[in-house]
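Notes follow the structure.
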Amino acid sequence: MSTALRLQRALRERLRRGEAEITVVEPQSYLTYHPLLAEVAAGSIDPRHVVVPLRRALPDCRVLTARITRIEHATRRAWADAAPHGEPSAPVELDYDVLVVAPGSVSRTLPVPGLAEHGLGFSTVGEAVGLRNHVLEQLDLASATRDPALRQAALTFVFVGAGYAGVGALAELEDMVRHAVRGFHNISPEDLRWVLVEATDRILAEESPELAAHTLAQLRERSVDIRLRTTLESAVGRVVALSDGSRFAARTLVWTAGVRPSPLLRDTDLPLDTSGRVRCLPTLQAVGPDGRALPGVWAAGDCAAVPDPHTGDAPCAPNAQHAFAQAEQLADNVLASLDGGPRAEGIAAYRPDQAACSTSLGLGRAVAHTRRGGRLTGRRAWWLHRARHLRRLPSADRRVRVLMDWVLGGLFSREVVSLGTLEHPRSEFEAGFADDRPT
């Protein structure tokens, strides 16, 4: 969407109407701003305010709410399917001159027994809202049951994966639940058990070691049980089994153990690396068989293996910071190539700024570092985190709405109401038919 925004603005100024057409194909009719999903799960932001409607943001583009099923760059053709999964379909053939590949990534799941049945993802707005409802429902269950084992399982929350998504989601939800239990006469914060499982020897692998260590210490001060060098072995029957030999019941299992490139890329003739990402030059052009730029193909974001000079030319990490910066550089390079061909002087290599990442750890708490190498913690980091993402939101009206959510959140107490029926809107209607069965 960011690339299309930049292109439509430039083409509107430089070309006559009808001289060029930008087509955006995306299964959802909106962009999701992923860095704020943790605050959606915690109830700090309305879910609708972290999504940007594509048709409103891209009025000069042709937006197709469909999924690409195949790309054949040898003939400059792609096939888009608008039918829901499982329904008969007739893919539409699309011809193109320039292809921008940015399907992003999907959750990297593993064949862990019980994970598919009991695990919860955390990569979409729906999953963030569903997780919030589920966690609040566990508090209701724990408060109402007289079964000690069921109560303990309901109050145990396990997160697998300690990257930005996992740490941010756990910290925000722990902060929300600590507030929510004030309304329960028989649940105290000491009854809650939070477990963070990480396969490597540190959390926040993309963060500086100092800030990662600070985050680790702060989470442990909040009684979060952090298991490093540990993996999830099984979740059968809602019993969590870890590689360190521990076993315990938990009714909440959140999987945030990384991402992998979109499987769409396997149905293309584009050059892929061993991880399944599109091999790219620093200019964001796909690499051809001869090692030069493949004419007419550009890629950015989680699906693109773009060399990062800060890490010895290893591919850029799949995060939002790189994705947004690459999108703008890609648009400028496409425009330069249209002016002067694939080797135009205006095509520049992607040179990422020094990482300026941050993550929220709950209200008034965060860790962040700046482009100049500074490190911040606590409330100052929290203000910087919020200001940074407010500026990056690619929609003016969404920035205003998110800001108002934060302002109102500072004036009033948190909303801790579960709307679990949103996941099953037909349950009450179907129950009415069950009551009318003949006896």
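Across Gly183, Gly378, Gly43, mean-square fluctuation computed from a Gaussian network of the chain (C-alpha pairs under 10 Å connected) peaks at Gly183.
Proximity of backbone amide H atoms, modeled 1.01 Å from N, is registered between Val240 and Phe248, Ala249, Ala250 at under 5 Å, excluding neighbours fewer than 5 places apart on the same chain. Under the combined filter of DSSP loop state and at most 14 neighbouring Cβ atoms within 10 Å, the stretch 11-92 retains these GluC sites (Glu not before Pro): Glu19, Glu21. Dividing the mean sequence gap of close Cα pairs (under 8 Å, 6+ apart) by how many residues the chain holds gives a relative contact order of 18 percent. Among His310, His134, the ranking by other beta carbons within 10 Å of each residue's beta carbon, starting with the fewest, stands as His310, His134. Distance between the modelled labels on Glu72 and Arg247, one decimal in nanometres: 5.4 nm (7 Å Cα→Cβ projection). A simple spin-label model places the labels of Asp290 and His185 8.1 nm from each other, with each point 7 Å out along Cα-to-Cβ. Projecting label points 7 angstrom from Cα along Cα→Cβ for Leu150 and Arg266 puts them 4.1 nm apart. Ordered by the number of other Cβ atoms lying within 10 Å of each residue's own Cβ, fewest first, Glu137, Glu221, Glu207 fall into the sequence Glu221, Glu137, Glu207.
Among Met1, Met404, the ranking by other beta carbons within 10 Å of each residue's beta carbon, starting with the fewest, stands as Met404, Met1. The trypsin sites (Lys or Arg not before Pro) of the stretch 1-60 meeting both criteria, a DSSP state outside H, G, I, E and B (loop) and at most 15 other C-beta atoms within 10 angstrom of the site's C-beta, are Arg16, Arg17. Sequence-ordered 3J(HN,Hα) estimates for the stretch 17-23 from the Karplus curve with 6.51, -1.76 and 1.60 and θ = phi - 60° stand at 4, x, 6, 8, 9, 9, 10 Hz, glycine and proline given as x. Sparse packing (at most 14 other Cβ atoms within 10 Å of the Cβ) combined with a DSSP loop state is found for none of the trypsin sites (Lys or Arg not before Pro) in the stretch 174-228.
The helix-based estimate of mean residue ellipticity at 222 nm for the chain, built from -39,500 (n - 2.57) per DSSP H run of four or more residues and divided by its residue count, is -10000 deg cm²/dmol to the nearest 500.
A short reminder: the numbers here are calculations on the coordinates, not readings from a lab. Here the structure is a predicted model, which is why all the values come from computation and not from measurement. Glycine also receives a Cβ, built like all others from the backbone with ideal geometry; neighbour counts cover every protein chain displayed.
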